[in-house]
Amino acid sequence: MRSLFGAVAAALMITTACYAAEAEGRIKSIDKDAQTITLDNGKSYKLPGEFDVTSLKEGMEILIAYDQVGGENLITDMELPE
């Protein structure tokens, strides 16, 4: 029983450490050095390390999925709405 309680407690701590969310809007600014984009909602999102920043342009409409980890919004998926 003790090990079951420990496993449940560990799972709860992991799920509260990060969570998935979505954001949609226009790209307000792009920081190529920091690998971040800022949307028109004022929030910044960190791009994956292997992402080609040159494919993004300010003013583009975008839909992103992200995880919040350690106070940073880390992009996990990105889509350009049609």
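The values are calculated or read from the model by the stated rules, or taken from the named source; none is laboratory data. Bear in mind the structure is a predicted one, so any value in this text is a computation, not a measurement. Counting neighbours? That spans all protein chains shown, and the Cβs are built from the backbone with ideal geometry, glycine included.
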Some residue of the stretch 5-25 being of a type outside the set (Asp, Glu), modelled with pLDDT of 85 or more, surrounded by 11 or more Cβ atoms within 10 Å (Cβ to Cβ) and touching a Ser or Thr at 6+ places or on another chain (Cβ under 8 Å): no
Among (1) at pLDDT 95 or above; (2) more than 13 Å from residue 75 (Cβ to Cβ), the one test that residue 38 misses: (2)
Looking only at the stretch 52-73, and only at residues there that are free of Cβ contacts under 8 Å to residues at least 24 places away in the same chain and either surrounded by 13 or more Cβ atoms within 10 Å (Cβ to Cβ) or not β-branched (Val, Ile, Thr) (or both), the one that is farthest from residue 29 (Cα to Cα): 70
